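Enquirer: Structure provided below as structure tokens; questions to follow.
The values are calculated or read from the model by the stated rules, or taken from the named source; none is laboratory data. Because the structure is a prediction, the values reported are computed rather than measured. Don't worry about glycine lacking a Cβ; one is built from the backbone with ideal geometry, like all the others, and counts go over all protein chains shown.
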Amino acid sequence: MSAAEDVTPVLHPDGWALLEALPPYDPATALGLGARLREAGAAPATVAAALTQSRLRAAARGKLGGFADHMLFTAEGLEQATRLPVAARHADRFRRAGATRVVDLGCGIGVDAMAVAGMGIAVDAVERDPATAAVATVNLRHLEHAVVHLGDAEAFPDGLPVPRPGTPGGTDAAWVDPARRRDGRRLKDPEQWSPALSWALGLAGTGVGSVGIKAAPGIEHALVAPGGPAAGWSAAWTSVDGDVVEAVLWWGAAAEPGTLRSATVLRTVPGAGGDEQVQEAGTLTDVGLGPAPVGPVGGYLHEPDGAVIRAGLVAHVAEQLGGRLLDPMIAYITTDEPVTSPFARSYAVHAVLPWGLKRLRAYLQTQGVGRVTVKRRGSPVEPEELRRALRLDGDREATVVLTRRGDERIVLVCDPLV
């Protein structure tokens, strides 16, 4: 079923009313509910569309919280959509850069545009797919500073009905989130993105004062290095609860002066009234450190956050902790003292063993361990296969870290530091 077939029925008043009247989505009862609605006279296409939207709303709550309950979605748009707390950080960066009008080129379902308009900044949201543009229009309906335009992002700045940069009240910032999938596959080559990365980098020459380009977390550091195609830009990686959710290339007033790479760690914490909220645990920036020292395993192990690793800032965390690497090519830090950092998960090391299944099983059995969390870097062993092969039945829990020092494969048995 196409996106248009999914969405169109709920754009009509009867479809919207049906969607809003549905109970919270429950996959166990969805089929029966659909049958009852059809028996009551609702059109099958309307029932299918409403239930699809109900399912997508439920799936979207992890990214968008309670806002999801009054939005529309396409499956692809939801997959690529920015988490709302992260989108709010994009919008705040534009605000701090002095932007008064942002063009969102390829706005998708409109989450970033929602965040920008929510800060009182005018936003022109451009989307070329009619069904997705309709969804974005619904999602932005309550925000007076937002307008959705059906058009091709690559027509900017002269081929779109948006105020031209450099004119009074004109566009002074641009945001672009290129499509990075085709036929369900991730596109590793940035020139295959839509729009291509080279085109997006060219936005810096359109007269706007700030540009942000959302990119894949695996984007190469060489892009922003001196002499690279994005020299003069800064790259910022963000993680939420350890999951690296994005990298963004920033240019102009929205870039961090003198910063090539940065890593921001966000954590979910309890909020008022029992609700959860996402807060910044810290931001680490590149200050040009050399390689971290390498040394023996100490009493404590530290696993840098994924955003730190992606940004190439492991040495900065090692310096912060006063630690050393186990191996120059492995992102594990060790210390002799129990220190912690918002940029790493820390563990007390109870045993360091040469790799061997029988040896590891025997040690864990003597310690009464029955459940293990397996982590690995630099090891070919699959965690799930190891858990099955250990056949443990004790009452304790432990963290097993599979890694190496040089050519030696080792196992660390640890407990998390609280």
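Enquirer: Tell me the helices (runs of 4 or more DSSP H) entirely within the range 77-169 that contain at least 3 residues that are among the basic types (Lys, Arg).
Expert: Details: elements: 84-96, 111-118, 130-139.
It comes to 84-96.
Residues are listed down the side, and each one gets a yes or a no for (1) over 15 Å from Trp237 (Cβ atoms); (2) crowded, with 23+ Cβ neighbours inside 10 Å; (3) without any contact (Cβ under 8 Å) to a residue 40 or more places away in the chain:
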| residue | (1), (2), (3) |
| --- | --- |
| Gly312 | no, no, no |
| Val317 | no, yes, yes |
| Ile333 | yes, yes, no |
| Asp336 | yes, no, yes |
| Arg345 | yes, no, no |
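Enquirer: Please work out if Arg186 is modelled with pLDDT under 95 and assigned by TED's automatic domain parsing to the domain that holds Ala235.
Expert: Taking the combined requirement at face value, the residue satisfies it.
Enquirer: List pairs: first residue in the range 24-38 and of a type in the set (A, V, I, L, M, F, W, C), second residue at pLDDT 95 or above anywhere in the structure, Cβ distance under 7 angstrom, at least six positions apart or on different chains.
Expert: Ala30/Leu51; Leu37/Val47
Enquirer: Follow-up question, since we're still on this one. Can you tell me which of (1) in the same structural domain as Pro226 (by TED's automatic domain parsing); (2) surrounded by 12 or more Cβ atoms within 10 Å (Cβ to Cβ) is the one Val294 doesn't meet?
Expert: With (1) in the same structural domain as Pro226 (by TED's automatic domain parsing); (2) surrounded by 12 or more Cβ atoms within 10 Å (Cβ to Cβ) applied to Val294, the lone miss is (1).
Enquirer: Considering only residues of the range 393-409 that are farther than 17 Å from Glu382 by Cβ and in contact (Cβ under 8 Å) with a residue 24 or more places away in the chain, which is surrounded by the fewest Cβ atoms within 10 Å (Cβ to Cβ)?
Expert: Asp395
Enquirer: Suppose we filter Thr259, Thr264 for residues that are under 30 Å from Gly106 (Cα atoms), at pLDDT below 95 and hydroxyl-bearing (Ser, Thr, Tyr); which single one remains?
Expert: Numbers: Thr264 fails: at pLDDT below 95.
That would be Thr259, the only listed residue that is under 30 Å from Gly106 (Cα atoms), at pLDDT below 95 and hydroxyl-bearing (Ser, Thr, Tyr).
Enquirer: Gln53 versus (1) among the polar types (S, T, N, Q); (2) in the same structural domain as Pro13 (by TED's automatic domain parsing); (3) touching a strand residue (DSSP E or B) at 6+ places or on another chain (Cβ under 6 Å): which is the lone unmet condition?
Expert: (3)
Enquirer: Only one of these conditions is not met by Lys358: (1) free of Cβ contacts under 8 Å to residues at least 24 places away in the same chain; (2) surrounded by 18 or more Cβ atoms within 10 Å (Cβ to Cβ); (3) among the basic types (Lys, Arg). Which number is it?
Expert: Every listed condition holds for Lys358 apart from (2).
Enquirer: Take the conditions surrounded by 14 or more Cβ atoms within 10 Å (Cβ to Cβ), in the same structural domain as Thr82 (by TED's automatic domain parsing) and either free of Cβ contacts under 8 Å to residues at least 12 places away in the same chain or touching a Leu at 6+ places or on another chain (Cβ under 8 Å) (or both) and apply them to Ala247. Does it pass?
Expert: The answer is no for Ala247.
Enquirer: Could I ask something else about it? Which one is surrounded by the most Cβ atoms within 10 Å (Cβ to Cβ), of the residues in the range 66-91 that are within 17 Å of Val278 (Cα to Cα) and free of Cβ contacts under 8 Å to residues at least 24 places away in the same chain?
Expert: Filtering the range 66-91 for residues that are within 17 Å of Val278 (Cα to Cα) and free of Cβ contacts under 8 Å to residues at least 24 places away in the same chain, the one surrounded by the most Cβ atoms within 10 Å (Cβ to Cβ) comes out as Ala68.
Enquirer: Related question: So, in the range 39-57, how many residues would count as being within 14 Å of Pro23 (Cβ to Cβ) and surrounded by fewer than 18 Cβ atoms within 10 Å (Cβ to Cβ)?
Expert: Residues flagged as within 14 Å of Pro23 (Cβ to Cβ) and surrounded by fewer than 18 Cβ atoms within 10 Å (Cβ to Cβ) within the range 39-57 amount to 1.
Enquirer: Might you let me know whether the range 275-288 holds any residue that is under 14 Å from the mean Cα position of the chain (by Cα), in a loop (DSSP other than H, G, I, E, B) and buried (at least 19 other Cβ atoms within 10 Å of the Cβ)?
Expert: No, that holds for no residue.
Enquirer: Do you know which residues across the range 163-178 are touching a residue at least 60 places away in the same chain (Cβ under 8 Å), out of contact with any Gly (no Cβ under 7 Å at 6 or more places or on another chain) and of a type outside the set (S, T, N, Q)?
Expert: Residues satisfying the conditions are Gly169, Gly170, Ala174.
Enquirer: So if I check each of Leu201, Leu197, which one is touching a helix residue (DSSP H, G or I) at 6+ places or on another chain (Cβ under 7 Å), outside the structural domain of Leu56 (by TED's automatic domain parsing) and within 18 Å of Leu105 (Cβ to Cβ)?
Expert: Leu197
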